[in-house]
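The values are calculated or read from the model by the stated rules, or taken from the named source; none is laboratory data. The model shown is predicted, which means the values in this text are computed figures rather than measured ones. Positions of Cβ are generated from backbone atoms using ideal geometry, with glycine treated the same way; all protein chains shown enter the neighbour counts. With ligands, DNA and RNA removed, areas are computed over all heavy atoms of the protein, side chains included. Shrake-Rupley method; radii C 1.70, N 1.55, O 1.52, S 1.80 Å.
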Amino acid sequence: MLLFGAPLAVMVLGSLQRPLQPPPDGLALWPDPPSWSNYRDVGAFLPWGRLLLNSALVALVAVPVTVVVASLAGFAIVTARGRMRRLLVGVALLMAFVPAAALWVPRVVVLRELGLTDRTLSVAVLSLAGTTPFYVLLFALAFAQVPRSVLEAAELEGLSPYAVWRRVALPLARPAVGAVAALAFVHYWSTFMDPLTLVASPQRWPLALGLRGLSEMEAALYPIFLTGAVIATAPAVLAFLVAQRAFFSAAEGRS
């Protein structure tokens, strides 16, 4: 907690420093007095309202699609039998080990041919593949904890595989749903390289990419940059807190 919390604390305290001042002497991080006007003035350097809206739109579309696609793929792995199940797990593991950088160029070429680049939702298209095989394996692990007899009983009741997934397996895997939703939200909210390679128009950039412009300001304006970083980080922290509460609530309900 100290390792990951210390940079967040420095970021928040730095956002309250007065801009155009000499850097603090040593570790004098506490602002005296705090400059809350930075959160108003950051709008003069960064159109954060539009960038926030772009990021929210991407997350609003990408997170539910990721949960649906990854959970369906994970359910397919669990319900497969014998050699097919081992093959699906092997393919998912193999894809999980492929470096993300190796997919940047092929991904741009494919989406450009389909006319899906340079749009606000270009990054959200990646959710159609479940975002990452890790989420698929996470759902497969969660569904594997559901007794096989429960799934077979649902099938004997005449439910289709889709109905078994939606009405039986998915409700029993609510902690995994919350975890994947939170991880997907943080991924799409904070991703930098995906919009950098897929979105060329600045008015369609998400907040994480728009924040890059503040990093190029002179050092005396670093409190403004840190203010933008706080604005960009707050939704991700909030999503983690909400998902954590949902995870424990679901776990207590099952117990």
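Being touching a Pro at 6+ places or on another chain (Cβ under 6 Å) and open to solvent by less than 50 Å² (accessible area, probe 1.4 Å) narrows it down to one residue among Ser55, Ser37; which is it?
Ser55
Cβ-Cβ below 9 Å, separation at least six or inter-chain, first residue in the stretch 95-114 and over 12 Å from Ala129 (Cβ atoms), second among the polar types (S, T, N, Q) and surrounded by 13 or more Cβ atoms within 10 Å (Cβ to Cβ): which pairs?
That search, which allows pairs on different chains as well, returns Ala96/Thr132; Ala100/Thr132; Trp104/Thr197; Val105/Thr197; Val108/Thr117; Val108/Thr197.
If I ask for residues that are of a type in the set (Phe, Trp, Tyr) and open to solvent by 60 Å² or more (accessible area, probe 1.4 Å), which ones from the stretch 70-104 would you list?
Phe97, Trp104
Exactly one of these conditions fails for Ser149: (1) farther than 24 Å from Ala92 by Cβ; (2) out of contact with any Leu (no Cβ under 9 Å at 6 or more places or on another chain); (3) surrounded by 15 or more Cβ atoms within 10 Å (Cβ to Cβ). Give me its number.
All conditions pass for Ser149, except number (3).
Is there any pair linking a residue in the stretch 51-68 that is under 11 Å from Val125 (Cα atoms) and polar (S, T, N, Q) to one that is outside any helix (DSSP H, G or I) and open to solvent by less than 20 Å² (accessible area, probe 1.4 Å), with Cβ under 7 Å and at least six apart or on different chains, and which?
So the pair list comes out as Thr66/Gly130.
Return the residue satisfying two criteria in turn: it lies in the stretch 160-197 and is charged (D, E, K, R), surrounded by fewer than 21 Cβ atoms within 10 Å (Cβ to Cβ) and at pLDDT 90 or above, and of such residues it is nearest to Phe139 (Cα to Cα).
My answer is Arg166.
Please specify each residue of the stretch 114-144 satisfying the condition of being on the phi > 0 side of the Ramachandran plot and crowded, with 22+ Cβ neighbours inside 10 Å.
Gly130, Thr131
Here are some conditions: (1) outside any helix (DSSP H, G or I); (2) surrounded by 13 or more Cβ atoms within 10 Å (Cβ to Cβ). Val65 meets all but one. Which one does it not meet?
With respect to (1) outside any helix (DSSP H, G or I); (2) surrounded by 13 or more Cβ atoms within 10 Å (Cβ to Cβ), Val65 is out only on (1).
Out of Val63, Val98, Val91, Val58, which single residue is among the β-branched types (Val, Ile, Thr) and within 21 Å of Ala173 (Cα to Cα)?
Checking each option against the conditions leaves just Val63.
Can you work out which of the residues in the stretch 22-75 that are under 21 Å from Val10 (Cα atoms) and aromatic (Phe, Trp, Tyr) is modelled with the lowest pLDDT?
So, considering only residues that are under 21 Å from Val10 (Cα atoms) and aromatic (Phe, Trp, Tyr), the one modelled with the lowest pLDDT is Trp30.
Do we have any residue at all in the stretch 40-50 that's among the acidic types (Asp, Glu) and either without any contact (Cβ under 8 Å) to a residue 24 or more places away in the chain or closer than 16 Å to Pro235 by Cβ (or both)?
No, every residue in the stretch 40-50 fails to be among the acidic types (Asp, Glu) and either without any contact (Cβ under 8 Å) to a residue 24 or more places away in the chain or closer than 16 Å to Pro235 by Cβ (or both).
Under 7 Å between Cβ atoms, at least 6 apart or on separate chains: pull out the pairs that start in the stretch 233-251 with a residue that is modelled with pLDDT of 80 or more and end on any residue that is open to solvent by 60 Å² or more (accessible area, probe 1.4 Å) and of a type outside the set (A, V, I, L, M, F, W, C).
Ala236/Ser190
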